[in-house]
Structure formats: C-alpha cells, structure tokens
Amino acid sequence: MEQTINKTSNMEEYRRAYYSCNKITMLENAQRWREANSGKYIYFIVNEDGASIYTGSYLDRPIVERISFHLHGHSNLHMDAMELQEKYQMSTVLFKNFKEYGLNKQDIHFLENYYKTEFVNVLGNNKVRFNEDELSMTKEELIQLAESVPYEEFDIDKYLA
C-alpha cells in the first residue's frame with residue numbers, strides 16, 4: 001500500500017514538473033492545432049433517406065469539436081450517435097468549410113438559414129438571427145458560393161461502436 005502511495009505521489013510530482021517545464025510548448029502546440037483545424041462550417045446530420053435531421057453552423061473552431069459534442073449527446077439535441085441512429089436512422093454527417101472565402105458570422109448564419117429552408121430538418125428549423133446589413137456579399141452571391149463549396153464527410157464510425 002505504501003509503495004502505491006509513493007508511486008502515485010511520484011507520478012503527480014512528475015506530471016507537475018513535466019507540465020511546468022513544457023507548459024509554453026504545450027499551449028503553443030494546442031493553439032497551432034486549433035488554428036490549423038479551425039474554420040467556418042455548416043454541417044448536416046443526415047439520415048439513410050438523405051434527409052437532413054439537423055443543420056447547424058460552427059465558427060472559428062475545429063468542426064470535430066462540435067460534431068463530437070452532438071454525437072456524444074452533449075448538445076441541444078440531447079441524443080448520442082446511437083440514439084440518433086435508432087430514432088432517426090442517422091447515416092452520416094456532412095459539412096461544408098467556408099474558411100477560405102473570408103465570410104463573416106452574419107454570412108454563415110444567413111447560409112445556415114438558407115440550408116434550413118432548402119432541406120427541411122426532421123428535428124425542426126430553428127432560424128438563426130443575422131443582420132442583413134452586415135452581409136459581405138449579396139444573398140444571391142452567398143447562395144451561389146454555398147452551392148459551389150463541396151460537401152465533406154465526417155467519420156462517425158467510432159461514435160457508433
């Protein structure tokens with residue numbers, strides 16, 4: 001028992017010392033990862049019939065964070081991946097990344113609303129507020145841009161295991 005306490009104590013000391021020595025490098029690496037993986041996203045949880053179960057947007061953070069929250073049940077949906085699959089036949093999660101186009105928050109929210117009206121969501125169509133005066137392009141240009149951006153597929157297999 002005494003050895004376990006000593007070993008645990010030594011591990012805690014080691015972790016503290018390691019963190020103290022490497023704190024700046026660890027923080028810089030985390031910041032670089034967030035910057036490299038961040039974007040301006042609109043994502044779609046899709047069922048087997050190709051209908052949208054839910055549409056949302058996520059700004060300036062890695063998309064894996066937001067979709068993971070949804071698929072673990074830590075979101076406004078209050079269902080994990082297994083429940084989404086059982087209740088709504090979820091088959092995939094698709095997203096579009098608008099990072100390289102320099103869109104602002106209002107543009108992304110306009111496009112989210114556009115997709116919510118284009119594809120009726122099984123879980124409802126709660127509109128997102130946006131200020132039309134702050135759009136960086138005309139609505140038509142934004143829609144044309146949105147249609148030209150390809151869908152990417154999020155790997156959901158590990159959430160269904």
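Would you check which residues across the stretch 7-55 are part of a loop (DSSP other than H, G, I, E, B) and either touching a strand residue (DSSP E or B) at 6+ places or on another chain (Cβ under 9 Å) or modelled with pLDDT under 90 (or both) and list them? Break it down into steps so the answer makes sense when it comes.
To start, the set of residues in the stretch 7-55 that are part of a loop (DSSP other than H, G, I, E, B) comprises 48-51.
Passing the criteria: Glu48, Asp49, Gly50.
Looking at the stretch 125-146 only, could you name the residues that are farther than 23 Å from Glu65 by Cβ and either loosely packed, with under 12 Cβ neighbours inside 10 Å or of a type in the set (Lys, Arg) (or both)? Outline the logic, then answer.
Keep residues of the stretch 125-146 that are farther than 23 Å from Glu65 by Cβ, which gives 125, 127, 131-145.
The answer is Lys127, Asn131, Glu132, Asp133, Thr138, Lys139, Glu140, Gln144.
Go through the stretch 42-74 and give me each residue that's in contact with a Gly (Cβ under 9 Å, 6 or more places away or on another chain) and over 20 Å from Lys116 (Cα atoms).
Once the filter is applied, which keeps residues that are in contact with a Gly (Cβ under 9 Å, 6 or more places away or on another chain) and over 20 Å from Lys116 (Cα atoms), the stretch 42-74 yields Asp60, Arg61, Pro62.
Do we find that Lys116 is of a type in the set (Lys, Arg), part of a helix (DSSP H, G or I) and closer than 21 Å to Ile143 by Cα in this structure?
Details: of a type in the set (Lys, Arg): yes; part of a helix (DSSP H, G or I): yes; closer than 21 Å to Ile143 by Cα: yes.
Considered against the rule, which asks whether it is of a type in the set (Lys, Arg), part of a helix (DSSP H, G or I) and closer than 21 Å to Ile143 by Cα, Lys116 comes out as yes.
Looking only at the stretch 55-73, count how many residues are surrounded by fewer than 14 Cβ atoms within 10 Å (Cβ to Cβ), over 17 Å from Glu152 (Cα atoms) and either out of contact with any Ser or Thr (no Cβ under 8 Å at 6 or more places or on another chain) or in contact (Cβ under 8 Å) with a residue 60 or more places away in the chain (or both).
The total comes to 1.
So, of the residues in the stretch 9-48 that are among the small types (Gly, Ala, Ser) and within 25 Å of Thr92 (Cα to Cα), which turns out to be farthest from the chain's Cα centre (by Cα)? Spell out how you get there, then give the answer.
Kept after step one, since they are among the small types (Gly, Ala, Ser), are these residues of the stretch 9-48: 9, 17, 20, 30, 36, 38-39.
Then drop every residue that is not within 25 Å of Thr92 (Cα to Cα), which leaves 36, 38-39.
On the way: Ala36: 14, Ser38: 9, Gly39: 9 Å.
Among residues in the stretch 9-48 that are among the small types (Gly, Ala, Ser) and within 25 Å of Thr92 (Cα to Cα), the one farthest from the chain's Cα centre (by Cα) is Ala36.
Can you tell me which residue in the stretch 74-90 is surrounded by the fewest Cβ atoms within 10 Å (Cβ to Cβ), limited to those that are in contact with a helix residue (DSSP H, G or I) (Cβ under 8 Å, 6 or more places away or on another chain) and touching a residue at least 24 places away in the same chain (Cβ under 8 Å)?
Residue satisfying both the conditions and the ranking: Met82.
The values are calculated or read from the model by the stated rules, or taken from the named source; none is laboratory data. None of the values given here were measured: they were computed from a predicted structure. Virtual Cβ from ideal backbone geometry, glycine too; neighbours counted across all protein chains shown.
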